[in-house]
Amino acid sequence: MYKEATLNPTNLQDRAVDWEIDVIDAFRNKADLKEFVGERETATGPSLYLAHPIKTESGCLECHTLPSVAPKTMVEKYGSTNGFGWKLNEIVGAQIVSVPMAVPIQIASRAFKTLLWSLVTTFAAILLAIDLVLYYLIILPLRKLSAVADRVSLGQLDQPELPVRGKDEMAQLTASFNRLVVTVVKALRMLG
């Protein structure tokens, strides 16, 4: 939405409302202020606005000093009570562009939810991958070792050697366990 909000406009549709008056007053109170950006609440949600001051120049005074000097068509259309009495280099209004933020906020919210679900999904996939690696590299070999140790302890001495794969700690443990089983079987046979 674009509006040339004015304190004393010729066309009453351009009359500044409360928050626009505050913007114009900010320009009047700070002569070096050339742009004003702000946010305000509207009936449709938050709105962002950008404002520039409207400063009278010599051309403005041809129509806006006195009704008697103004063009007759202007006075006939808008009347002789509004839009007059302007002075040179006076801040009389502000050009204000307002943009509703409901759509950008909705897009940002949707993007945040998508990012959040992506992170949750990625975390779950990584957790599942770690679980599978731990299961196949550690838990499953330990279960096999445990099962063979249980059978040997129950007197089933004819157990095949467990396969040794790789050179990691599980491979070393499996090789040591295989040697232990062979030693236990030999010792039990010598006793028996």
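Observations, loosely collected:
- Taking segment 5-14 as the range and being buried (at least 16 other Cβ atoms within 10 Å of the Cβ) and either over 12 Å from ALA51 (Cα atoms) or not hydrophobic (A, V, I, L, M, F, W, C) (or both) as the test, the residues that pass are THR6, LEU7, ASN8, PRO9, THR10, ASP14.
- Inter-residue pairs, beta-carbon under 7 Å, first touching a residue at least 24 places away in the same chain (Cβ under 8 Å) and in segment 178-192, second part of a helix (DSSP H, G or I), 6+ apart: VAL181/VAL148; VAL181/VAL152; VAL184/VAL152
- Test: residue in segment 139-155 that is at positive phi and in contact with a Lys or Arg (Cβ under 8 Å, 6 or more places away or on another chain): no
- For ALA43: the one exception among (1) touching a strand residue (DSSP E or B) at 6+ places or on another chain (Cβ under 9 Å); (2) within 26 Å of VAL103 (Cα to Cα); (3) not charged (D, E, K, R): (1)
- Only one of the numbered conditions (1) more than 30 Å from LYS167 (Cβ to Cβ); (2) open to solvent by 80 Å² or more (accessible area, probe 1.4 Å) is not met by LEU137, and that is (1).
- The residue that is farthest from LYS34 (Cα to Cα), counting only those in segment 74-102 that are assigned to a strand (DSSP E or B) and among the polar types (S, T, N, Q), is SER98.
- Some residue of segment 140-158 being at pLDDT 85 or above, of a type outside the set (S, T, N, Q) and in contact with a Gly (Cβ under 9 Å, 6 or more places away or on another chain): no
- Scanning segment 25-47 for residues that are closer than 16 Å to ALA5 by Cβ and either charged (D, E, K, R) or in contact (Cβ under 8 Å) with a residue 40 or more places away in the chain (or both) yields ASP25, PHE27, ARG28, GLU35, PHE36, ARG40, THR42, SER47.
- Here segment 35-69 is the region considered, the condition is being touching a Gly at 6+ places or on another chain (Cβ under 9 Å) and in a loop (DSSP other than H, G, I, E, B), and the residue that is surrounded by the fewest Cβ atoms within 10 Å (Cβ to Cβ) is LEU66.
- Residues in segment 145-192 that are within 23 Å of LEU134 (Cβ to Cβ) and exposed (fewer than 14 other Cβ atoms within 10 Å of the Cβ): 11 in all.
- The listed residue being touching a helix residue (DSSP H, G or I) at 6+ places or on another chain (Cβ under 6 Å) and of a type outside the set (Lys, Arg), out of LEU188, LEU145: LEU145
- Failed condition for GLN13, given (1) without any contact (Cβ under 8 Å) to a residue 40 or more places away in the chain; (2) in a loop (DSSP other than H, G, I, E, B): (2)
- If you go through segment 83-126 and pick out every residue that is open to solvent by less than 60 Å² (accessible area, probe 1.4 Å), within 27 Å of the chain's Cα centre (by Cα) and charged (D, E, K, R), you end up with 0.
The values are calculated or read from the model by the stated rules, or taken from the named source; none is laboratory data. Because the structure is a prediction, the values reported are computed rather than measured. For neighbour counting, all protein chains shown are included, and Cβ atoms are generated from backbone atoms with ideal geometry for every residue, glycine included. Side chains included, ligands, DNA and RNA excluded: accessible areas come from the protein's heavy atoms. Shrake-Rupley method; radii C 1.70, N 1.55, O 1.52, S 1.80 Å.
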